[in-house]
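S.K.: This structure is in structure tokens; I'll ask about it shortly.
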Amino acid sequence: MVDDAAYALIAEVDAGLKEGMGEAELAEKLSGSLADVDRKEVLSEILELKRSGRLFAADEYEERIEAFKERETVVKAMCLHIAHACNLACRYCFAGEGEYFGPCGLMSLETGKQALDYLVAHSGSRRNLEVDFFGGEPLLNWEVVKALVEYGRELEKTHDKNFRFTLTTNGTLLTEEILEYVNKEMSNLVLSIDGRQAVHDRMRPYRDGRGSYEEILPKYIRAAESRGQTNYYVRGTYTHYNTDFAKDVLHLADLGFKQISIEPVVAQPSEPYALTEEDLPVLLEQYDILAAEMLKRKKEGRGFNFFHFMIDLECGPCVYKRLSGCGAGCEYVSVTPWGDIYPCHQFVGQEEFKLGSVTEGIKNTELRKEFHDCNVYSKPECRKCFAKYYCSGGCMANAQHFSGDINGSYRIGCELQRKRVECAIMLKVAEADNQ
Amino acid sequence: MKHIKSLETKDFKKSLEKGGCGECQTSCQSACKTSCTVGNQSCEQDKASK
């Protein structure tokens, strides 16, 4: 956090240093609009921060990128498509109403076991393995989910692994019995809901057109309470139809939810609900409104977490993780109900992105290498972006879908990401300032 | 400092020396399935040493 004097001088000092000026020259040539005493103090503070590597730090990672690409990776996370079927018909579903533009199908127990075997066999010395039961709607295949959790627990003992299971559900089939099991076995629960009833029901109807909000809400309130308001997310999507999405986040907070994630829709521009360039200023302002309200509520003792404003500055990921991002295609893979392997859930159904299968292993090693080598420095748009170590170059699927290249970028997504990081840091600063 | 206050942040360079264990959470396994958010995830080594 800087005061006006420091704000006025930082860019000038940076420019001066780049021109090779020393401390004495800088002191002489710096902006004359400040009092001498301020100028000297600010300069001294800036140079001290520079000396300690906290300001104007040089990028020392790009030169190591070739060595980074030589790293050995193992599979440590799997998105298990337990059902390519859904009882809802969400209008924005990237999976084509849960079926991924292919046939409807449920994963068999045998295929599921082969998938977990594949994960264990390719996880090397990694102990923590993540499996997300995903769909479609995974509760349409609940018995197989349970059997796979049991199987995973056996594998833990025989292979010294620790499975962290997650369930992502639309909530319609969630029962007390299922919830009890989920609370015992799943480290995270993701509950889909978009916010206000009209917003939710417009985009997340049943196949006969009925809205799903009223049915799922009491179940979600119960689920959140039963998990002690932690290790879960109510997760939604905002679209062109609700560019005032801060109201949806706050609606969920008003209902008592403490872990909230609302993400921008990712859709081709031809879709009527797709976000547009004209929406951007409104959306950016919404994040400001949300951040200010969150700050206020926190001071009042009724704070909540918003996933995209969460940032761990002190214990965040190491540089390797920040360079490589989500690990899609090498550390993270998706498995279809038939055992086919794709780089991630967003590539499923696009035949050209099929990597292999859980029985045959990775066959398309060239494609795997492309994903393995993708990093923040392989993306031209990331080079000058201040947020690149927070999003790690962004979502490869979005880049592919909007630019035709996993090393490309998705401009609207990047603008929103930068804003979210900015707000997250602002909240940290405000918190520190209050203390 | 009088004019500039900075937050305590992770030392990236140090993490280059001991990082890369890969035990941390994968971003899309948390709550984002259509974007990539890495900065909010915690390092398992840091968590264990706290």
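The values are calculated or read from the model by the stated rules, or taken from the named source; none is laboratory data. No experiment lies behind these values; they were computed from the predicted model shown. Methodologically, a virtual Cβ is constructed for each residue, glycine included, from the backbone with ideal geometry; neighbour enumeration extends over all protein chains shown. The area values use the complete protein model at the heavy-atom level, side chains included, leaving out ligands, DNA and RNA. Shrake-Rupley method; radii C 1.70, N 1.55, O 1.52, S 1.80 Å.
S.K.: Using the Karplus curve 6.51 cos²θ - 1.76 cosθ + 1.60 with θ = phi - 60°, what ³J(HN,Hα) values do you get for each residue of region A:181-191, in whole Hz, with x for Gly and Pro?
M.R.: Working through the residues one at a time gives 5, 4, 5, 7, 10, 9, 6, 8, 10, 10, 10 Hz.
S.K.: For region A:283-364, take the convex hull of the Cα atoms, compute a quarter of its surface area, and give me that in nm², please.
M.R.: 9.0
S.K.: With the cut-off at 18 Å, report for region A:1-99 the share of all Cα pairs above it, as a whole percent.
M.R.: Here the tail beyond 18 Å accounts for 66 percent of pairs.
S.K.: Then there's this: Give the calculated FRET efficiency between A:Ala432 and A:Ala58 to the nearest 0.05, with a Förster radius of 22 Å applied to their Cβ-Cβ distance.
M.R.: About 0.25, to the nearest 0.05.
S.K.: Let me ask something else about it. Name the residues whose placed amide hydrogens come within less than 5 Å of the amide hydrogen of B:Lys10, ignoring near sequence neighbours (fewer than 5 apart) on the same chain.
M.R.: When sequence neighbours closer than 5 places are left aside, the close amide H contacts are A:Glu314, A:Gly316.
S.K.: If you wrap a convex hull around the alpha carbons of region A:112-270, what volume per residue comes out, as a whole number of Å³?
M.R.: So the per-residue Cα hull volume is 141 Å³.
S.K.: 5 Å is the cut-off here: which amide hydrogens, built 1.01 Å from N in the peptide plane, fall below it relative to A:Leu88, excluding neighbours closer than 5 in sequence?
M.R.: Amide H neighbours of A:Leu88: none.
S.K.: To the nearest Å, what is the center-to-center distance of region A:303-353 and region A:62-125, using C-alpha atoms only?
M.R.: Cα centroid to Cα centroid, the span is 10 Å.
S.K.: Between the DSSP loop rule and a limit of at most 15 other Cβ atoms within 10 Å, which GluC sites (Glu not before Pro) in region A:349-435 are left?
M.R.: Loop-located and lightly packed - A:Glu360.
S.K.: Rounding to the nearest 10 and keeping the result within 0 to 90°, find how far the Cα-based axis of helix A:280-299 lies from the longest principal axis of chain A.
M.R.: On a 0 to 90 degree scale, this one is about 90.
S.K.: Provide the buried accessible surface between chains A and B in square angstrom, both chains summed, 1.4 Å probe, rounded to the nearest 100.
M.R.: Buried surface at the A/B interface: approximately 5200 Å².
S.K.: If you average the C-alpha positions of region A:412-427 and of region A:1-57 separately, how far apart do those two centres end up, in angstrom?
M.R.: Using only Cα atoms to place each centre, the spacing works out to 27 Å.
S.K.: Over chain A, calculate the relative contact order: mean separation of alpha carbon pairs under 8 Å at least 6 apart, over the residue count, as a percent.
M.R.: 14 percent.
S.K.: Relative contact order, percent, of region A:378-435 when contacts are C-alpha pairs under 8 Å separated by at least 6 residues?
M.R.: Relative contact order comes out at 28 percent.
S.K.: Related question: How tilted is helix A:109-121 with respect to the longest principal axis of chain A? Cα atoms for both, answer in degrees (0 to 90, nearest 10).
M.R.: For helix A:109-121, the angle is close to 40 degrees.
S.K.: Next question. Is any residue of region A:372-387 close enough, with backbone N under 17 Å, to a label point placed 7 angstrom from the Cα of A:Arg411 along the Cα-Cβ axis, and if so, which?
M.R.: A:380-385
S.K.: How big is the dipole moment of the protein assembly as shown about its Cα centre under a simple scheme where the beta carbon of each Lys and Arg is +1, that of each Asp and Glu is -1, and everything else is neutral? Debye, nearest 20, please.
M.R.: Charge dipole of the protein assembly as shown: 800 debye, to the nearest 20.
S.K.: Another question about this same structure. Mind scanning A:Lys113/A:Lys146; A:Lys76/A:Lys157; A:Lys388/B:Lys33; A:Lys379/B:Lys47 and naming the pairs with a C-alpha gap bigger than 21 Å?
M.R.: A:Lys379/B:Lys47
S.K.: Please find, in a Gaussian network model of chain A (springs between Cα atoms separated by less than 10 Å), the residue of A:Gly301, A:Gly98, A:Gly339 whose mean-square fluctuation is greatest.
M.R.: Top of the fluctuation ranking is A:Gly301.
S.K.: Applying the Karplus parametrisation 6.51 cos²θ - 1.76 cosθ + 1.60 with θ = phi - 60° to the phi angles of region A:9-25, what ³J(HN,Hα) value in whole Hz is obtained for each residue in order, glycine and proline being reported as x?
M.R.: Using θ = phi - 60°, the values come out as 9, 4, 5, 5, 5, 4, 4, x, 4, 5, 7, x, 5, x, 4, 5, 5 Hz.
S.K.: Oh, and also: I'd like the antiparallel share, as a percent to the nearest 5, of DSSP beta bridges with both residues in the protein assembly as shown.
M.R.: Once the DSSP bridges in the protein assembly as shown are tallied, antiparallel ones form about 25 percent.
S.K.: Out of all DSSP beta bridges with both ends in region A:74-309, state the antiparallel percent to the nearest 5.
M.R.: 15
S.K.: Here is a further query. Quick one: 3J(HN,Hα) in Hz for region A:362-376, Karplus 6.51/-1.76/1.60 with θ = phi - 60°, rounded, Gly and Pro as x.
M.R.: 6, 9, 8, 6, 5, 5, 4, 5, 4, 5, 4, 7, 5, 8, 4
S.K.: Along the Cα→Cβ direction, 7 angstrom out, place labels at A:Leu313 and A:Lys296. What is the inter-label distance in nm?
M.R.: 2.4
S.K.: Take region A:118-210, drop everything but the C-alpha atoms, weight them equally and run the Debye formula without solvent; then report log10 I(q)/I(0) at 0.10, 0.17, 0.24 Å⁻¹ to two decimals.
M.R.: Once normalised to I(0) and log-transformed, intensities are -0.34, -0.79, -1.25.
S.K.: To the nearest 10 Å², what's A:Leu106's accessible area with a 1.4 Å probe?
M.R.: Near enough 90 Å² of accessible area.
S.K.: Calculate how steeply helix A:142-159 sits against the longest principal axis of the alpha-carbon atoms of chain A, using the helix alpha-carbon long axis, and give the answer as 0 to 90 degrees to the nearest 10.
M.R.: 70
S.K.: If I model the protein assembly as shown as equal point scatterers sitting on the Cα atoms and use the Debye formula, what is log10 I(q)/I(0) at q = 0.11, 0.13 Å⁻¹?
M.R.: -0.93, -1.28
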